[in-house]
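The values are calculated or read from the model by the stated rules, or taken from the named source; none is laboratory data. What you are looking at is a predicted structure, and each value in this text was computed from that prediction instead of being measured. Quick reminder, even Gly has a Cβ in these numbers, built from the backbone with ideal geometry, and neighbours come from all protein chains shown.
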Amino acid sequence: MEAGLVFDGQGAPIHWHTPPDRTGVALPDSRALWEVLWENRHRLGGVAHTHPFCGPPAPSVTDLTTFAAVEAGLGQRLLWPIVTFTAVGYYVWFGPDRLDYAAAAGRFRLGRESIEKLRELSR
């Protein structure tokens, strides 16, 4: 099951997103999640989510459109970690097009505890 984490600029957890209608390939958005993002917009660092399999992570088209929509709604850019059972990828918008997100080398990293909890929530 996919799981999500909203975190602040230092990587501290703000909200664990594990809705009851999540699946192994989808993590539904919700009004409650948007309210967490909006209420914490001044301290947001990003939103992580899992792809519950082994191997290197990569954003799906659904991920990319979600990244772009959330950032447009908030009016700010975020970090978008994707966690698999064996790796973590960090993605940011590089532009110029709306869905131009790429791996962010040498940037902020989530703490081991948060990564392991995301993996645990995805099993």
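Laid out as a table, the results:
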{"read-out": "Condition met for PRO57 (touching a His at 6+ places or on another chain (Cβ under 7 Å), in contact (Cβ under 8 Å) with a residue 24 or more places away in the chain and assigned to a loop (DSSP other than H, G, I, E, B))", "value": "yes"}
{"read-out": "Candidate set: the range 109-123, residues that are among the hydrophobic types (A, V, I, L, M, F, W, C) and under 13 Å from the mean Cα position of the chain (by Cα); chosen: the one nearest to HIS42 (Cα to Cα)", "value": "LEU110"}
{"read-out": "Top-ranked residue of the range 61-90 - restricted to ones that are part of a helix (DSSP H, G or I) and not hydrophobic (A, V, I, L, M, F, W, C), ranked as farthest from the chain's Cα centre (by Cα)", "value": "GLY73"}
{"read-out": "Of all residues making up the range 1-53, the number that are touching a strand residue (DSSP E or B) at 6+ places or on another chain (Cβ under 7 Å) and among the acidic types (Asp, Glu)", "value": "2"}
{"read-out": "In the range 91-114, residue nearest to GLY24 (Cα to Cα) [restricted to those that are in contact (Cβ under 8 Å) with a residue 40 or more places away in the chain and outside any strand (DSSP E or B)]", "value": "SER114"}
{"read-out": "Output for the range 1-54, where each listed residue is of a type in the set (Val, Ile, Thr) and without any contact (Cβ under 8 Å) to a residue 24 or more places away in the chain", "value": "THR23, VAL25"}
{"read-out": "Test: ASP8 is charged (D, E, K, R), modelled with pLDDT of 95 or more and surrounded by fewer than 18 Cβ atoms within 10 Å (Cβ to Cβ)", "value": "yes"}
{"read-out": "Top-ranked residue in the range 1-54 [being part of a loop (DSSP other than H, G, I, E, B) and of a type in the set (Asp, Glu); ranked as farthest from GLU71 (Cα to Cα)]", "value": "ASP21"}
{"read-out": "Candidate set from the range 11-59 (those that are of a type in the set (Ser, Thr, Tyr) and surrounded by 13 or more Cβ atoms within 10 Å (Cβ to Cβ)); member that is nearest to LEU118 (Cα to Cα)", "value": "THR50"}
